[in-house]
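Asker: What follows is a single structure, and I will ask about it in a moment.
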Amino acid sequence: MEGDDNLAHERNKAEFDVNEMKIVWAGSRQAFEVSNRMSRLVASDPVFDKSNRAVMTRKELFKNTLRKSAHAWKLINELCLSDEESTIFKYFMDQPGFLDLHWRMFVPAIKGQGTEEQKQKWLPLANKMQIIGCYAQTELGHGSNVQGLETTATFNPQTDQFILHSPTQTSSKWWPGGLGKVSTHAVVYARLITNGKDHGVHGFIVQLRNLDDHSPLPGITIGDIGVKFGNGAYNSMDNGFLMFDKFCIPRDQMLMRLSKVTREGKYVPSDVPRQLMYGTMVSVRQTIVSNASVAMARAVCIATRYSAVRRQFGSQNGGVETQVIDYKTQQNRLFPLLASAYAFRFVGEWLKWLYTDVTQRLEASDFATLPEAHACTAGLKSMTTSATSDGIEECRKLCGGHGYLWCSGLPELFAVYVPACTYEGDNVVLQLQVARFLMKTVAQLSSGNAPAGTTAYMGRAKHLLQCRSSIQKAEDWLNPAMVLEAFEARALRMAVSCANNLKKFENQEQGFSELLADLVEAGIAHCQLIVVSKFIAKLERDIKGKGVKNQLKNLCYIYALHLIHKHLGDFLSTNTITPEQASLANNQLRSLYSQLRPNAVALVDAFDYTDHYLGSVLGRYDGNVYPKLFEEALKDPLNDSVVPDGYHEYIRPFIKQDLRSARL
Ligand SMILES: CCCCCCCCCCCCCC(=O)SCCNC(=O)CCNC(=O)[C@H](O)C(C)(C)COP(=O)(O)OP(=O)(O)OC[C@H]1O[C@@H](n2cnc3c(N)ncnc32)[C@H](O)[C@@H]1OP(=O)(O)O
Ligand SMILES: Cc1cc2nc3c(=O)[nH]c(=O)nc-3n(C[C@H](O)[C@H](O)[C@H](O)COP(=O)(O)OP(=O)(O)OC[C@H]3O[C@@H](n4cnc5c(N)ncnc54)[C@H](O)[C@@H]3O)c2cc1C
């Protein structure tokens, strides 16, 4: 059977309405229509071709990214795309570049931390891209520890200016995307000093380059930090370094929505939580969770289609071989990733709602849900990006040898994606923020304050610490209340165990340091509970389309039960379930894989990705893999000539030597 016949056959087997599933995946019919239109607009434009990124030099890649960005901006304006449309359009361009940081961090930082006057002055310029900005927080010596930043901004009352200075080499800004070669401006985070007093880290708008000839302004040293992991990949981004040598900016360029410095140099501290200064990071962490579902879906789409096309073993008397997707081992590795893509999609939708809600509350000076919003965005960013990075690499292995080819799309996807585990907060550091939040919540349980939001389950501590799972047969693992109770009991018991161990230390901070590894595990258990509970909540909504809800149910329970299988040690050691119940979960999982199998290809079609966006010969919609692998191979510059460059200098001498010895 040819590849295209394989996939056509698979599509015919589907037991649900794929078009309705596309709408569920997109979030609404309107969101689907926008996404569908934007992805095709990008795919049909030759400027956005990405077929030769692997063989470009860094300079070519960078210039090509500038060209794409300029073309995108021109189209966005000519076609009068809305904010929603242009965000999605840029996403489908699939080219990391300065636009990401300008729109996702520089503009939001001014919106979130600037005064009304500052917004009126800077946002129109930024919105028209008359200035291009980046987010310069991380330094050579400090990234995770924001309070440890060293760059200083000292107020000079004589000139009404701040003097920005990099006192040490480790205080050089290092990593900001878009800084190295493009940005004209940056939001720079530096220690504010007035009258000799250090008030901690604050944000400042700083012009970096001359707007006429793009040269760095006097007092500024700036450049690119060098080549990063992988061919192509994130190397299209000019992550940069920056040093200040007593560089002066006017006082009104300190972002003063929260705290202020007066003309006389008096520091007026914020009357709202200082953590609002971290708001841009919270906003980006929230979007990173939705992006995780997209990256996971992309890898899974490639691996699923290819697993249906690829055949190995099983033929008798020259008959057709087995599609590798039919091996239970392949299903056991692939289907939980497919389920994770959907699970992250739905938790991403919920997180967007939570973020919108907290933003509205903050505007009304209600700060009550800020700790919960911080814990959820940090924890889910950490958990979903770690799972997605591992998932992309697993998909590469699921595609066998051809998965290692650049044209499979998977090596570059991995190389672009994996820094998501580090940027916007190292995943371990962020998970420890969740653990701190959990320890606080556990400590307050006895005070009579009922925990709310995602920790509401802790309010049922008495029951959850003692209950025994009532699962008796494999089908019970499809009971939402029983599944939820298992996840709640495991999460609570892990958190309480950490809290009890902490009490054994006289010094709580020292205890926290000793227990870091357990605390991270407790944070992860809590985040997995959130994802499972939001998936179950999604199933309770009105879901249209033949068979759609049934597929989502299968995916939801595959997601939950594979986590039980993977983290069995947690579930058993906390006595949440018995080994027999674990074995029933495994039986149920196998049955769910069989039910999902005929729908697998249709479930990845529901992502509605174009071949351009997938960028993968193995994941092509038509399944025409083998002829296209040949075409790609023949395009390689090494195949431009039959005899390679260097033959006469380095190969021929060996062969001549062999001939001489053969004659002797
Ligand atoms: C195809 C292309 C795709 C490309 C896509 C690319 C797009 C994106 C590109 C992205 C490019 C990448 C761009 C980049 O990478 S930009 C750089 C990103 N950098 C980071 O993320 C740094 C991570 N570090 C931190 O955030 C802080 O230092 C942490 C949090 C670790 C500690 O902080 P700190 O030392 O201050 O705190 P504390 O631990 O003493 O805790 C003190 C209190 O503060 C509360 N607290 C802490 N934080 C928050 C918060 N945020 N909202 C509300 N509250 C918060 C906390 O709960 C505690 O509360 P309480 O317990 O006292 O009540
Ligand atoms: C591709 C990319 C793009 C980036 N873009 C930007 C940008 O635009 N702007 C910007 O300002 N920054 C940017 N960054 C920087 C990024 O935000 C930081 O690298 C990130 O916050 C991690 O900080 P770090 O490098 O200091 O890691 P470190 O903190 O040095 O981490 C090293 C190791 O130490 C561990 N560790 C650190 N602290 C603790 C702790 N308290 N407890 C336990 N373990 C700990 C970590 O888990 C990790 O294993 C970017 C980084 C990358 C890779």
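Asker: Being more than 16 Å from ligand 1 (Cβ to nearest atom), open to solvent by 20 Å² or more (accessible area, probe 1.4 Å) and more than 30 Å from Ala582 (Cα to Cα): is that true of Ala450 here?
Answerer: Yes: the conditions hold for Ala450.
Asker: Which residues, counting only those in segment 114-162, are more than 16 Å from ligand 2 (Cβ to nearest atom), in a loop (DSSP other than H, G, I, E, B) and over 22 Å from Val261 (Cβ atoms)?
Answerer: Across segment 114-162, the qualifying residues are Lys128, Met129, Gln130, Ile131.
Asker: Hey, Tyr91 hits all of (1) surrounded by 20 or more Cβ atoms within 10 Å (Cβ to Cβ); (2) touching a residue at least 60 places away in the same chain (Cβ under 8 Å); (3) not β-branched (Val, Ile, Thr) but one; which does it fall short on?
Answerer: Evaluating Tyr91 over (1) surrounded by 20 or more Cβ atoms within 10 Å (Cβ to Cβ); (2) touching a residue at least 60 places away in the same chain (Cβ under 8 Å); (3) not β-branched (Val, Ile, Thr) leaves (1) as the failure.
Asker: Now for a separate question. Being at pLDDT 95 or above, touching a Gly at 6+ places or on another chain (Cβ under 8 Å) and open to solvent by less than 20 Å² (accessible area, probe 1.4 Å) is the requirement here; does Leu614 meet it?
Answerer: Yes; evaluated as a whole, the condition is true for this residue.
Per-residue answers, yes or no, for (1) at negative phi; (2) under 25 Å from the mean Cα position of the chain (by Cα):
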{"residue": "Glu580", "(1), (2)": "yes, no"}
{"residue": "Ser591", "(1), (2)": "yes, no"}
{"residue": "Ser594", "(1), (2)": "yes, no"}
{"residue": "Arg620", "(1), (2)": "yes, yes"}
{"residue": "Gly623", "(1), (2)": "no, no"}
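Asker: Also, quick follow-up: How many of the residues making up segment 395-412 are buried (at least 19 other Cβ atoms within 10 Å of the Cβ) and either at pLDDT below 95 or within 26 Å of His562 (Cα to Cα) (or both)?
Answerer: Within segment 395-412, residues that are buried (at least 19 other Cβ atoms within 10 Å of the Cβ) and either at pLDDT below 95 or within 26 Å of His562 (Cα to Cα) (or both) number 7.
Asker: Counting only residues that are charged (D, E, K, R), over 15 Å from Gly279 (Cα atoms) and in contact with a helix residue (DSSP H, G or I) (Cβ under 7 Å, 6 or more places away or on another chain), which one in segment 102-160 is least open to solvent (accessible area, probe 1.4 Å)?
Answerer: Checking each candidate, the answer is Glu139.
Asker: Among the residues of segment 194-210, are any in contact (Cβ under 8 Å) with a residue 24 or more places away in the chain, buried (at least 20 other Cβ atoms within 10 Å of the Cβ), among the hydroxyl-bearing types (Ser, Thr, Tyr) and more than 21 Å from Thr280 (Cα to Cα)?
Answerer: No, the conditions are met nowhere in segment 194-210.
Asker: Considering segment 617-653 alone, what residues qualify as being open to solvent by less than 80 Å² (accessible area, probe 1.4 Å), in a loop (DSSP other than H, G, I, E, B) and charged (D, E, K, R)?
Answerer: If the condition is that a residue be open to solvent by less than 80 Å² (accessible area, probe 1.4 Å), in a loop (DSSP other than H, G, I, E, B) and charged (D, E, K, R), then Arg620, Asp622, Asp636 are the ones that fit.
Asker: Scan segment 248-281 for residues that are closer than 24 Å to Ala368 by Cβ, assigned to a helix (DSSP H, G or I) and open to solvent by 30 Å² or more (accessible area, probe 1.4 Å) and jot them down.
Answerer: Those that are closer than 24 Å to Ala368 by Cβ, assigned to a helix (DSSP H, G or I) and open to solvent by 30 Å² or more (accessible area, probe 1.4 Å): Arg274, Gln275, Tyr278.
Asker: Would you mind finding the one in Ser39, Ser35 that is part of a helix (DSSP H, G or I), surrounded by 15 or more Cβ atoms within 10 Å (Cβ to Cβ), of a type in the set (S, T, N, Q) and in contact with a His (Cβ under 9 Å, 6 or more places away or on another chain)?
Answerer: Ser39
Asker: I'd like the full set of residues that are in contact with a Ser or Thr (Cβ under 9 Å, 6 or more places away or on another chain) and crowded, with 22+ Cβ neighbours inside 10 Å, limited to segment 526-554.
Answerer: Passing the criteria: His526, Cys527, Leu529, Ile530, Val531.
Asker: Is it true that Val416 is over 21 Å from Tyr355 (Cα atoms), within 15 Å of ligand 2 (Cβ to nearest atom) and touching a residue at least 12 places away in the same chain (Cβ under 8 Å)? Walk me through it before giving the result.
Answerer: Working: over 21 Å from Tyr355 (Cα atoms): yes; within 15 Å of ligand 2 (Cβ to nearest atom): yes; touching a residue at least 12 places away in the same chain (Cβ under 8 Å): yes.
It is true that Val416 is over 21 Å from Tyr355 (Cα atoms), within 15 Å of ligand 2 (Cβ to nearest atom) and touching a residue at least 12 places away in the same chain (Cβ under 8 Å).
Asker: Turning to a different aspect of this structure: Checking the conditions here, which among Ala456, Ala415, Ala420, Ala486 is away from ligand 1 (no atom under 16 Å from the Cβ) and crowded, with 18+ Cβ neighbours inside 10 Å? Can you show your working first?
Answerer: On the way: Ala456 fails: crowded, with 18+ Cβ neighbours inside 10 Å; Ala415 fails: away from ligand 1 (no atom under 16 Å from the Cβ); Ala420 fails: away from ligand 1 (no atom under 16 Å from the Cβ).
None of the others qualify; the one that does is Ala486.
Asker: I would also like to ask the following. Would segment 495-517 turn up any residue that is assigned to a helix (DSSP H, G or I), modelled with pLDDT of 95 or more, open to solvent by 70 Å² or more (accessible area, probe 1.4 Å) and in contact with a helix residue (DSSP H, G or I) (Cβ under 6 Å, 6 or more places away or on another chain)?
Answerer: no
Asker: Name the one entry in Arg468, Arg436 that is closer than 22 Å to Ser497 by Cα and either assigned to a helix (DSSP H, G or I) or open to solvent by less than 50 Å² (accessible area, probe 1.4 Å) (or both).
Answerer: One residue alone meets the criteria, Arg436.
Asker: For segment 171-187, name all the residues that are charged (D, E, K, R) and either away from ligand 1 (no atom under 13 Å from the Cβ) or within 14 Å of Gln207 (Cα to Cα) (or both).
Answerer: Initial filter on segment 171-187 (charged (D, E, K, R)): 173, 181.
Hit for segment 171-187 is Lys181, nothing else.
Every residue, every condition in (1) open to solvent by 60 Å² or more (accessible area, probe 1.4 Å); (2) aromatic (Phe, Trp, Tyr); (3) in contact with a Lys or Arg (Cβ under 7 Å, 6 or more places away or on another chain), yes or no:
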site	(1), (2), (3)
Glu321	yes, no, yes
Asp326	yes, no, no
Pro336	no, no, no
Ala343	no, no, no
Trp350	no, yes, yes
Thr356	yes, no, no
Gln360	yes, no, no
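Asker: Quick test for you: out of Cys407, Cys395, pick the one residue that is farther than 21 Å from Leu338 by Cβ and either in a helix (DSSP H, G or I) or aromatic (Phe, Trp, Tyr) (or both).
Answerer: None of the other options fit; the residue is Cys407.
Asker: So which of Asn19, Asn6 ends up being outside any loop (DSSP other than H, G, I, E, B) and surrounded by fewer than 19 Cβ atoms within 10 Å (Cβ to Cβ)? So that I can check it myself, show each step before the final result.
Answerer: Working: Asn6 fails: surrounded by fewer than 19 Cβ atoms within 10 Å (Cβ to Cβ).
After ruling out the rest, the residue left standing is Asn19.
Asker: Ok, one more. Do we have any residue at all in segment 180-188 that's touching an Asp or Glu at 6+ places or on another chain (Cβ under 7 Å) and open to solvent by 40 Å² or more (accessible area, probe 1.4 Å)?
Answerer: There is at least one residue in segment 180-188 that is touching an Asp or Glu at 6+ places or on another chain (Cβ under 7 Å) and open to solvent by 40 Å² or more (accessible area, probe 1.4 Å).
Asker: Kindly indicate whether any position in segment 299-318 is in a helix (DSSP H, G or I) and in contact with a Phe, Trp or Tyr (Cβ under 6 Å, 6 or more places away or on another chain).
Answerer: Taking every residue of segment 299-318 in turn, at least one turns out to be in a helix (DSSP H, G or I) and in contact with a Phe, Trp or Tyr (Cβ under 6 Å, 6 or more places away or on another chain).
Asker: Shifting gears a bit: Out of segment 157-173, which residues are over 17 Å from Leu255 (Cα atoms) and out of contact with any strand residue (DSSP E or B) (no Cβ under 6 Å at 6 or more places or on another chain)?
Answerer: Selection gives Pro157, Gln158, Thr159, Pro167, Thr168, Gln169, Thr170.
Asker: Further question on the same structure: Of (1) out of contact with any strand residue (DSSP E or B) (no Cβ under 8 Å at 6 or more places or on another chain); (2) open to solvent by 10 Å² or more (accessible area, probe 1.4 Å); (3) modelled with pLDDT of 95 or more, Ser236 satisfies all except one. Which?
Answerer: Ser236 satisfies all of (1) out of contact with any strand residue (DSSP E or B) (no Cβ under 8 Å at 6 or more places or on another chain); (2) open to solvent by 10 Å² or more (accessible area, probe 1.4 Å); (3) modelled with pLDDT of 95 or more except (2).
Asker: If a residue must be in contact (Cβ under 8 Å) with a residue 60 or more places away in the chain, of a type outside the set (Ser, Thr, Tyr) and open to solvent by less than 20 Å² (accessible area, probe 1.4 Å), how many such residues does segment 564-588 contain?
Answerer: Of the residues in that region, 6 qualify.
The values are calculated or read from the model by the stated rules, or taken from the named source; none is laboratory data. All figures in this text were calculated on a predicted structure; none of them were measured in a lab. So basically every Cβ, Gly included, is an ideal-geometry build from the backbone, and we count neighbours across all protein chains shown. Accessible surface areas use protein heavy atoms only, side chains included; no ligands, DNA or RNA. Shrake-Rupley method; radii C 1.70, N 1.55, O 1.52, S 1.80 Å.
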